[in-house]
1. On average, how much area does the Cα convex hull of segment 185-313 cover when viewed from any direction, in nm²?
2. When the solvent-accessible surface of protein heavy atoms is calculated with a 1.4 angstrom probe, in what order do 18, 323 fall, highest first?
3. How big is the equivalent ellipsoid of segment 332-434 along its three axes, where each semi-axis is √(5λ) from the Cα gyration tensor, reported in whole Å from largest to smallest?
4. Once the whole set of protein chains is in place, how much accessible area is left on residue 419, using a 1.4 Å probe, in Å² to the nearest 10?
5. Which value, in debye to the nearest 20, gives the size of the charge dipole of the chain about its Cα centre, when Lys and Arg are +1 and Asp and Glu are -1 at the Cβ?
6. Amide H of residue 353: which non-local residues (sequence gap of 5 or more, or other chain) have their own amide H closer than 5 Å, using H built in the peptide plane?
7. For a quick check: with amide H placed at 1.01 Å from N, whose amide H comes under 5 Å from residue 231's, ignoring anything fewer than 5 positions away on the same chain?
8. Can you give me the Rg/Rh ratio for segment 62-172, using Cα atoms for both radii and the Kirkwood formula for Rh?
Amino acid sequence: MDRCYQPEIETMPVEEIKKLQSERLVKQVAHVFANVPYYRHLMEEKGLTPADIHGVEDLHKLPFTCKQDLRDTYPYGLFAVPMDDVVRLHASSGTTGKQIVVGYTQHDLDIWDEIAARQLVAVGGSKHDMVHVSYGYGLFTGGFGLHGGAQRLGATAIPVSSGNTKRQITILRDFGSTILCCTPSYAAFIGETLHDMGLGPEDISLKAGIFGAEAWTEEMRRDIEAKLGIKAYDVYGLTEIMGPCVSYECSAQTGMHVNEDHFIVEVIDPDTGKVLPEGERGELVFTCITKEAFPLLRYRTRDIGIISRKPCPCGRTFIKMSKPMGRTDDMLIIRGVNVFPSQIEGVLMERGYSSNYQIVVNRVNNTDTLDVYVEILPDQFSDTVRGVSAAEHELEEALKSLLGIVAIVHLVAPKSIERSTGKAVRVIDKRKLHD
Ligand code: DLL
């Protein structure tokens, strides 16, 4: 059994969680209806008033919200408290570049700190830890989110922010950082830089890492764990709902517990909007039941996952979500076949390639093309041209048998694919530029 930050909440019997959620949902719907005209209108369109919502069993009646609603009401149209009560703003530009803005009351920030502290304790953290935060600080939620959790726990927060990787390593060594927080791609880069500097895991004091904000595979987890000599844990969240730590991974390392006292999660069929039973794969939808300033109801994340209430060896009773398996909007449709970048990453990493790869999709003579650029392995570098083409061919065969379509693999020189200090850019879809 794991140590928990708030065992009375994190291991609460499921019936009690549901009861708490019901009470909070009823209050939240009344708050939103009274204070957000946009929401009131959405509910009225469905013939709903707060009196129709008696508990979680009525959740399905509520309208969905999506990113477009945030854009339509930009900047403050979905805020449910006066600006005088808002003590912090964060924003996200998303992949399409159009930004959205969210706000927090002091109470919202207190909850955020609390759930980030739960995550830190779940990875073995305590007040004795030195928490090295290399997520970006700024409008992005990553830096401030984990930072607040570290301080709440009484640990020492080190607000390094992202970038300047050699300096990160100096700080890791000199300050004795024990828990690293950053994107998985940046963790891999820090590991690679450590190695390039002639150092290894024995030269740093890290024991755990909290990595999220982008999709990553189990193969990548093993790679980071080996490079940094740590246990690597996943963390999920999104600006619209809170930032990092909407759900958090425990010692079982098999998915993330959703903080159900603050968020209700559902999985829906993205095409029909129908709620799917636990265990089925679909789009994750979250409802904020305690947030004051920016309380979204039934927000469609576009992230694809599975939820399950199978008992977890860690002792927590919160429902678990799988690692997001991609997003409904990052699924590539190539010659009619659905392809997720994570599937390609799995094939590369299973065969010992690095997580430094890039997928380029294009359309030539009305036909989609798929090219995968991946850095050559060090032992192949000195090898013959024939050896390189054989390795490319082997990867092409593996991709074809998994995806059912042809991909052209290009092995490129080590370090020729640009590293990321935040979210990595894995896919370049040139078709979008032509459309
Ligand atoms: O990425 C918040 C965050 C910061 C989460 C630090 C974890 C750690 P956004 O920039 O709004 O917020 O992006 C949210 O990132 O909808 C997912 O598609 C993706 N994402 C977040 N965490 C994970 C994860 C932050 N663990 C979007 N695995 C989400 C896969 C993730 N994708």
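The values are calculated or read from the model by the stated rules, or taken from the named source; none is laboratory data. Predicted, not measured: the structure shown is a model, and the values here were computed from it. In this analysis, Cβ positions are derived from the backbone assuming ideal geometry, glycine residues included, and neighbour counts consider all displayed protein chains. Just the protein is used for accessible areas: all its heavy atoms, side chains included, with ligands, DNA and RNA removed. Shrake-Rupley method; radii C 1.70, N 1.55, O 1.52, S 1.80 Å.
1. Numbers: hull surface 37.6 nm².
With every direction weighted equally, the projected area is 9.4 nm².
2. So, going from the largest accessible area down, we get 18, 323.
3. The answer is 22, 16, 13 Å, longest axis first.
4. 40
5. Numbers: 47 positive and 59 negative charges, 75 e Å.
Roughly 360 debye, rounded to the nearest 20.
6. Those lying under 5 Å, H to H, from residue 353: there are none.
7. Those lying under 5 Å, H to H, from residue 231 are 208, 209.
8. Radius of gyration over Kirkwood radius for segment 62-172 works out to 1.04.
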